[in-house]
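**Q** Got a structure here, written out as structure tokens. Questions coming.
The values are calculated or read from the model by the stated rules, or taken from the named source; none is laboratory data. All figures in this text were calculated on a predicted structure; none of them were measured in a lab. Cβ placement follows ideal geometry from the backbone for every residue including glycine, while neighbour counts extend to all protein chains displayed. Heavy atoms of the whole protein, side chains included, go into the accessibility calculation; ligands, DNA and RNA do not. Shrake-Rupley method; radii C 1.70, N 1.55, O 1.52, S 1.80 Å.
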Amino acid sequence: MRSVNREDGPVKVTGAARYAADHHPEGLAYGYLITSTVARGTILGMDTAPAERAPGVIAVYTPFNPLRLHPYTQADTAELLPPLQDDRVCYYGQVIGLVVAETFEQARDAAALVTTRYDAERPRASFTAGLPNATPPSGGTPETDVLAPGVTSIDEALAASDVSITETYTTPAETHVAMEPHATVASWTGDRLTVHTASQGVRLPVERLTESLGIDAAQIHVINPYVGGGFGNKWGTWAHTPLTAAAARALGRPVKTVLTREQVFTVIGHRPITSQTVSLGAAADGTLVAVKNDGISSKSAANDFYESVADLSLALYGSANLHVSRKVVTMDVPATTIMRAPAESNGSFALESAMDELADALGMDPLDLRLKNDTPSHPVSGLPWSSKHLEECYRVGAERFGWSRRSPRPGTVTDGDWLVGLGMATATFGASRGEASIEVRLRDDGRAVVSGAAADLGTGQSTVFAILAAEVLGIPVDRVTPVLGDSATPPAAKAGGSGSTSANGPAVRLAAEAAKEAVVKLAAEHEKSPFRGEAVTYADGEVRGGGDAMPFGELLALLGVPEVEVTATSPRHPRREHAFRSFGAHFCEVRVNRWTGEPRVARWLCVVDAGTIVNVKTARSQIAGGVVMGIGQALLEDLRIEPDTGRFGNATMADYLVPVNTDIPPIDVEFLNYPDTVLSDLGARGIGELSIVGAAGAVANAVHNATGRRVRDLPITLDKLL
Amino acid sequence: MRAFDFAVPHDIDDALGLARDESAFLAGGTTLVDLMKLEVVSPEQVIDINRLPLHGIRPEPDGLRVGALERMEDVARHPAVAGPYPVIAQALLASASPQLRNMASIGGNLLQRTRCGYFRDVATPCNKRSPGTGCPAQHGDNRGHAILGTSASCAATHPSDLAVALVALEASVRLRGADGERTMPLADFYLPPGDTPHVENRLRPGELITEVIVPPLPWAGRSRYVKVRDRQSYEFALASAAVAVDLHDGEVRDARVAVGGVGTVPWRLPAVEDALRAGRSHEEAAALAAAGARPLAGNAFKVTLVQRAILRALTELAGPR
């Protein structure tokens, strides 16, 4: 496997990389958002006069002095309505105003002078209180059943099982806390708009700005090559983006709006709260005969996103009988949105905990139970997996981690004042290959420029572009310049659904092949070409023919052709004959203090079956990063909603806990690296989300092994272990 | 942040002369600047005291003397602290991050404001920030709040780890104002909230902490600061215990015990100390820790946790008993 340094590493560590907020066009003014301090109600009035008189203030926009934005028409994972277009408040922390001033500080200080009067209503802010009134999602499928011949219901199958368990598992709201807060810089030149905005795909803000500003996509240029983490929160285009663009248009000068850390918690969406009641039924030998999961997700009144949290129970283990249901609890809280491995991460916590509980009930090793129910085909569709080596993940992991040393009796292994437990769980995430277009330009300086409107959120995607193009073109990686995050380049795959490399990788290779053909054709046909009329070939960055060879850059310079440009499109995979999924196995050791109950993760191993690994260096970081986020999900993260007010009780970086370095043990990552040649010639399936799935379940299982306590409500904090 | 005047005096009398009712002294700035940005405090004048001669870490016959402008990290690493008073060094090193400890002063640490989320969010009521507006923590988000020394007006914890260790060691603070100098035990310096949670201590307007004095305690070498929190670093305590024991032949002859993360002020536990002196078991002694506790909906676990923190410290210092 190749291990290549990030092509953008030097500019990032030296600070030369310009993120959205680092742009300062001439004449820039600064926007600062005003947010609501009630969760539901009507705004009666806003006194903006003191703010308007404050030093440096240029404009104060509110629902009573709005910037006109057209309704959103296209689906997005952000809100349904554009900001400031009416006086309704749907959640605490909603954008209700924008102050624009000559400096950021002036805008911020003026915003603090605005007072707002509300007719406040009691918000629906308790998920628990809303559970009895949970409803099937509008437009979704409420239930899915797969039953063996002669079986009339899932409960009948459960009742007929030798052994069964039923438990309810709950997960709190979580938020992404990416390192880079959201920012938008908008400037107009005539009727053309240039935008720098943090985004997981620059064509997404183009779509939203087109509809909300009432202009053509051709008038909008979004440029955002560097993204400081996303995890789903930069997929949707949020309120500040159209607002900032509209303010810049109204004021005739560029405007920049950067969200504060606190604003990111509410102006941007969060991962929904979920509850899953899982029943597993098995034969005495561990063969699953019934899997039932009734899943409920919170959903914001401000948008339609929820997690189909139970659905993973249909895809992971084989069972003759399967049942899943989906319901939502609508709440007056900020938008619910996608967050790393939406549905599957929470879904796996319940399923993987339940598998451990079933193993206990069966008196089986939990790893043996998983081996027993590994399935070569999708449990619902029956389609064979394109490439699945999960059993090898389990076996390699167990050997490498020392799983055989796990005590089957919980609470029996101690080290000083620490109770020690081992846990494991399956990692998995769905895979696909979307359509992607990539442009390759071979230049007369011997460099290749590879462009597409993809995004590198810190994942290493731009380095993947360089590696794959360099390989096809036969030139060193450092002679390839990847260009990502520019809406003027061809429509490559956005960074979402772990689908960047699986879609863009084949497209880069196609485009690079096409570029080779183009330069060969040029060499054979151009009137000034020394190869004219020869049988021309291309190898190792050179054009060859008639016994001569010349690097492509020299040839182009000789011919006076500055560059050869080609674009190629790799089509979407139809997925008709196979099912596609990545797999892996987590193993961890957790220690719990016998006095004060703190759970601490001491060791981690993740064995990964995700197809071809293009760059093991960045891939390892992706997997380790997912494990870190999974440890946070397991032990720390909990975005608390005040039931009376709908306010987030801990919406600051000090109070919303994510792991720090000392919380993270050495993380061992092993890639099996079997190409998935059914998905593409490249064989890469994608790894962005895989390793957070199963991580919380592995921790919960290790905590149980250490202490004998089964915590079914995330996060597993010390108060639950005292 | 509101506009303010800024002054940089070079000696103490100048600093005290400049101070007005609406002044704030700036040392490390790690609390003050945050709170000014949040508009929790909006002083009309900020007086930078970093050039004042309030330095020095000196063991003297009447105890260890630490200048108020000494930085947390320097104090924690000083041999006159780490050897004779491990509980102080451990409390400091369990606080904040190295970057913050390199900035934050000892005087400022003792005066840092609570981390209560309502206090720090000006969109919400708070009796400590805006007297008479109410205390949403009583029925709101209160997992991190105090169980000891609370009132219906306020349940905010005192956030300093250092103060817990110093109260256990019966340290004093030296104060200097325009009217002169005075010295006061740190335990008397802090005020429980009662009906006036905005009055947190006995510091008078314009008065400075100039020095911390830790009296000699020969057996403080056997001391420990146990800090319990959800993550292993960079978080305030859910519960903490500063414990020192005088151990003879495995028996605890004397002890000092104070706890943090659970009280509205650093909380000395004389009843626990008495029980240990009387030869009661660790468990029996620790069980007295939460006497009089008034837990709220989200923090009842602290009643148990604070006892366990003490037990853990005692076990580490004196073995199981």
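**Q** For A:Leu605, indicate whether it is surrounded by 24 or more Cβ atoms within 10 Å (Cβ to Cβ), farther than 22 Å from A:Gly228 by Cα, more than 14 Å from chain B (Cβ to nearest Cβ) and of a type in the set (A, V, I, L, M, F, W, C). Before the answer, list the steps.
**A** Values: surrounded by 24 or more Cβ atoms within 10 Å (Cβ to Cβ): yes; farther than 22 Å from A:Gly228 by Cα: yes; more than 14 Å from chain B (Cβ to nearest Cβ): yes; of a type in the set (A, V, I, L, M, F, W, C): yes.
It is true that A:Leu605 is surrounded by 24 or more Cβ atoms within 10 Å (Cβ to Cβ), farther than 22 Å from A:Gly228 by Cα, more than 14 Å from chain B (Cβ to nearest Cβ) and of a type in the set (A, V, I, L, M, F, W, C).
**Q** Is one or more of the residues making up the range A:417-428 among the polar types (S, T, N, Q), surrounded by 18 or more Cβ atoms within 10 Å (Cβ to Cβ) and not assigned by TED's automatic domain parsing to the domain that holds A:Ala469? Reasoning before the result, please.
**A** Keep residues of the range A:417-428 that are among the polar types (S, T, N, Q), which gives A:426, A:428.
From what is left, the residues that are surrounded by 18 or more Cβ atoms within 10 Å (Cβ to Cβ) are A:426, A:428.
Okay, now just the ones that are also not assigned by TED's automatic domain parsing to the domain that holds A:Ala469, so A:426, A:428.
The answer is yes; a qualifying residue exists.
**Q** Could you tell me whether the range B:38-57 includes any residue that is among the charged types (D, E, K, R), open to solvent by 30 Å² or more (accessible area, probe 1.4 Å) and outside any loop (DSSP other than H, G, I, E, B)? Working first, answer last.
**A** Taking the range B:38-57 as the starting set, the residues that turn out to be among the charged types (D, E, K, R) are B:39, B:44, B:48, B:51.
In the following step, the residues that additionally are open to solvent by 30 Å² or more (accessible area, probe 1.4 Å) were identified as B:39, B:44, B:51.
If we keep only those that are outside any loop (DSSP other than H, G, I, E, B) too, we end up with none.
No, because not a single residue in the range B:38-57 is among the charged types (D, E, K, R), open to solvent by 30 Å² or more (accessible area, probe 1.4 Å) and outside any loop (DSSP other than H, G, I, E, B).
**Q** Another question about this same structure. With respect to A:Glu577, determine if the residue is modelled with pLDDT of 95 or more and away from chain B (no Cβ under 14 Å). Give the steps one after another, and end with the answer.
**A** Details: modelled with pLDDT of 95 or more: yes; away from chain B (no Cβ under 14 Å): yes.
So A:Glu577 passes the test.
**Q** Further question: With the structure loaded, tell me whether A:Val477 is at pLDDT 95 or above, more than 20 Å from A:Arg685 (Cα to Cα), of a type in the set (Val, Ile, Thr) and open to solvent by 20 Å² or more (accessible area, probe 1.4 Å) or whether it fails that test.
**A** Values: at pLDDT 95 or above: yes; more than 20 Å from A:Arg685 (Cα to Cα): yes; of a type in the set (Val, Ile, Thr): yes; open to solvent by 20 Å² or more (accessible area, probe 1.4 Å): yes.
The answer is yes for A:Val477.
**Q** Could you identify the single residue in A:Gly485, A:Gly505 that is within 30 Å of A:Gly584 (Cα to Cα) and out of contact with any His (no Cβ under 9 Å at 6 or more places or on another chain)?
**A** On the way: A:Gly485 fails: within 30 Å of A:Gly584 (Cα to Cα).
From the options A:Gly485, A:Gly505, the qualifying one is A:Gly505.
**Q** Please go through the range A:655-682 and pick out each residue that is of a type in the set (Phe, Trp, Tyr) and surrounded by fewer than 20 Cβ atoms within 10 Å (Cβ to Cβ). Steps first, please.
**A** Within the range A:655-682, the first condition is being of a type in the set (Phe, Trp, Tyr), and the residues that meet it are A:656, A:671, A:674.
Residue satisfying the conditions is A:Tyr674 alone.
**Q** Another question, then. Taking into account only those residues within the range A:574-600 that are open to solvent by 30 Å² or more (accessible area, probe 1.4 Å) and of a type outside the set (Lys, Arg), which is nearest to A:Gly397 (Cα to Cα)?
**A** The residue in question is A:His578.
**Q** Given the criterion within 13 Å of chain B (Cβ to nearest Cβ), over 22 Å from the mean Cα position of the chain (by Cα), under 30 Å from B:Gln138 (Cβ atoms) and of a type outside the set (Asp, Glu), identify the matching residue among A:Thr645, A:Thr662. It would help to see each step written out before you state the result.
**A** Numbers: A:Thr662 fails: under 30 Å from B:Gln138 (Cβ atoms).
Result: A:Thr645 is the single residue among A:Thr645, A:Thr662 that is within 13 Å of chain B (Cβ to nearest Cβ), over 22 Å from the mean Cα position of the chain (by Cα), under 30 Å from B:Gln138 (Cβ atoms) and of a type outside the set (Asp, Glu).
**Q** Now for a separate question. List, please: which pairs have Cβ atoms under 8 Å, are six or more places apart or on different chains, and start with a residue in the range A:323-340 that is surrounded by fewer than 24 Cβ atoms within 10 Å (Cβ to Cβ) and end with one that is hydrophobic (A, V, I, L, M, F, W, C) and not in a loop (DSSP other than H, G, I, E, B)?
**A** A:Ser325/A:Ala310; A:Lys327/A:Ile296
**Q** Tell me which residues, restricted to the range A:563-590, are aliphatic (A, V, I, L, M) and farther than 30 Å from A:Thr412 by Cα.
**A** Of everything in the range A:563-590, those that are aliphatic (A, V, I, L, M) and farther than 30 Å from A:Thr412 by Cα turn out to be A:Val564, A:Val566, A:Ala568, A:Ala579.
**Q** While we're here: Right, A:Glu598: among the acidic types (Asp, Glu), closer than 30 Å to A:Arg400 by Cα, touching a residue at least 12 places away in the same chain (Cβ under 8 Å) and in the same structural domain as A:Gly397 (by TED's automatic domain parsing) or not?
**A** Details: among the acidic types (Asp, Glu): yes; closer than 30 Å to A:Arg400 by Cα: yes; touching a residue at least 12 places away in the same chain (Cβ under 8 Å): yes; in the same structural domain as A:Gly397 (by TED's automatic domain parsing): yes.
Yes, satisfied.
**Q** Search the range A:665-697 for residues being of a type in the set (S, T, N, Q) and farther than 30 Å from A:Pro334 by Cα, and hand back the single one that is farthest from the other protein chains (Cβ to nearest Cβ).
**A** Pass one, the range A:665-697, residues of a type in the set (S, T, N, Q): A:673, A:677, A:680, A:691.
Add one more test, that the residue is farther than 30 Å from A:Pro334 by Cα, and what stays is A:673, A:677, A:680.
Numbers: A:Asn673: 34, A:Thr677: 43, A:Ser680: 41 Å.
Selected residue: A:Thr677.
**Q** Go through the range B:194-204 and give me each residue that's in a loop (DSSP other than H, G, I, E, B) and closer than 17 Å to B:Val167 by Cβ.
**A** Quick first cut of the range B:194-204, residues in a loop (DSSP other than H, G, I, E, B) only: B:194-200, B:202-204.
Those that are in a loop (DSSP other than H, G, I, E, B) and closer than 17 Å to B:Val167 by Cβ: B:Glu200, B:Arg202, B:Leu203.
**Q** Right, next: Yes or no: the range A:615-636 includes at least one residue that is touching a Cys at 6+ places or on another chain (Cβ under 8 Å), among the hydroxyl-bearing types (Ser, Thr, Tyr) and not in a loop (DSSP other than H, G, I, E, B).
**A** Looking for residues that are touching a Cys at 6+ places or on another chain (Cβ under 8 Å), among the hydroxyl-bearing types (Ser, Thr, Tyr) and not in a loop (DSSP other than H, G, I, E, B), one finds none in the range A:615-636, hence no.
**Q** Output yes when any residue across the range B:17-24 is assigned to a helix (DSSP H, G or I) and over 19 Å from the mean Cα position of the chain (by Cα), and no when none is. Explain how you work it out, then say what you get.
**A** Just the residues of the range B:17-24 that are assigned to a helix (DSSP H, G or I), to begin with: B:17-18.
Then drop every residue that is not over 19 Å from the mean Cα position of the chain (by Cα), which leaves B:17-18.
So far as the range B:17-24 goes, yes, one or more of its residues are assigned to a helix (DSSP H, G or I) and over 19 Å from the mean Cα position of the chain (by Cα).
**Q** How many of the residues making up the range A:623-654 are open to solvent by 30 Å² or more (accessible area, probe 1.4 Å) and of a type in the set (S, T, N, Q)?
**A** 2
**Q** Another question, then. Return a yes/no flag: does the range A:457-472 have any residue that is of a type in the set (Asp, Glu), out of contact with any His (no Cβ under 7 Å at 6 or more places or on another chain) and free of Cβ contacts under 8 Å to residues at least 60 places away in the same chain.
**A** Looking through the range A:457-472, at least one residue is of a type in the set (Asp, Glu), out of contact with any His (no Cβ under 7 Å at 6 or more places or on another chain) and free of Cβ contacts under 8 Å to residues at least 60 places away in the same chain.
For every residue, the table says whether it meets (1) at pLDDT 95 or above; (2) acidic (Asp, Glu); (3) more than 24 Å from A:Val146 (Cβ to Cβ).
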site: A:Leu390; (1), (2), (3): yes, no, no
site: A:Arg395; (1), (2), (3): yes, no, yes
site: A:Glu399; (1), (2), (3): yes, yes, yes
site: A:Pro410; (1), (2), (3): yes, no, yes
site: A:Ile438; (1), (2), (3): yes, no, yes
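**Q** Does A:Ser529 satisfy the condition of being touching a helix residue (DSSP H, G or I) at 6+ places or on another chain (Cβ under 6 Å), surrounded by 17 or more Cβ atoms within 10 Å (Cβ to Cβ) and over 21 Å from A:Ala469 (Cβ atoms)?
**A** Details: touching a helix residue (DSSP H, G or I) at 6+ places or on another chain (Cβ under 6 Å): yes; surrounded by 17 or more Cβ atoms within 10 Å (Cβ to Cβ): yes; over 21 Å from A:Ala469 (Cβ atoms): yes.
The answer is yes for A:Ser529.
**Q** Before we move on, is A:Ala361 in contact (Cβ under 8 Å) with a residue 60 or more places away in the chain and part of a loop (DSSP other than H, G, I, E, B)?
**A** Criteria not met by A:Ala361.
Residue-by-condition table, conditions (1) open to solvent by 10 Å² or more (accessible area, probe 1.4 Å); (2) away from chain A (no Cβ under 13 Å); (3) part of a strand (DSSP E or B):
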{"position": "B:Val226", "(1), (2), (3)": "no, no, yes"}
{"position": "B:Asp230", "(1), (2), (3)": "yes, no, no"}
{"position": "B:Ser233", "(1), (2), (3)": "yes, no, no"}
{"position": "B:Ala237", "(1), (2), (3)": "yes, no, no"}
{"position": "B:Ser240", "(1), (2), (3)": "no, no, yes"}
{"position": "B:Val245", "(1), (2), (3)": "no, yes, yes"}
{"position": "B:Arg253", "(1), (2), (3)": "yes, yes, yes"}
{"position": "B:Arg256", "(1), (2), (3)": "yes, yes, yes"}
{"position": "B:Val259", "(1), (2), (3)": "no, no, yes"}
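**Q** Quick one: would you say A:Val185 is hydrophobic (A, V, I, L, M, F, W, C), away from every other protein chain (no Cβ under 14 Å) and open to solvent by 20 Å² or more (accessible area, probe 1.4 Å)? Steps first, answer last, please.
**A** Values: hydrophobic (A, V, I, L, M, F, W, C): yes; away from every other protein chain (no Cβ under 14 Å): yes; open to solvent by 20 Å² or more (accessible area, probe 1.4 Å): no.
Here the answer is no, as A:Val185 does not meet what is asked.
**Q** Considering A:Ala49, A:Ala21, A:Ala29, which residue is closer than 30 Å to A:Tyr118 by Cα, of a type in the set (A, V, I, L, M) and open to solvent by 20 Å² or more (accessible area, probe 1.4 Å)? Write out each step before concluding.
**A** Working: A:Ala21 fails: closer than 30 Å to A:Tyr118 by Cα; A:Ala29 fails: open to solvent by 20 Å² or more (accessible area, probe 1.4 Å).
Testing whether each residue is closer than 30 Å to A:Tyr118 by Cα, of a type in the set (A, V, I, L, M) and open to solvent by 20 Å² or more (accessible area, probe 1.4 Å) leaves just A:Ala49.
This table checks each residue for (1) more than 14 Å from chain A (Cβ to nearest Cβ); (2) farther than 17 Å from B:Ser223 by Cα; (3) surrounded by fewer than 19 Cβ atoms within 10 Å (Cβ to Cβ).
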| residue | (1), (2), (3) |
| --- | --- |
| B:Pro270 | yes, no, yes |
| B:Ala278 | yes, yes, yes |
| B:Pro295 | no, yes, no |
| B:Gly298 | no, yes, yes |
| B:Arg308 | no, no, no |
| B:Arg312 | no, no, no |
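**Q** Please verify whether B:Leu175 is hydrophobic (A, V, I, L, M, F, W, C) and under 15 Å from the mean Cα position of the chain (by Cα), treating the condition exactly as stated.
**A** Working: hydrophobic (A, V, I, L, M, F, W, C): yes; under 15 Å from the mean Cα position of the chain (by Cα): no.
Considered against the rule, which asks whether it is hydrophobic (A, V, I, L, M, F, W, C) and under 15 Å from the mean Cα position of the chain (by Cα), B:Leu175 comes out as no.
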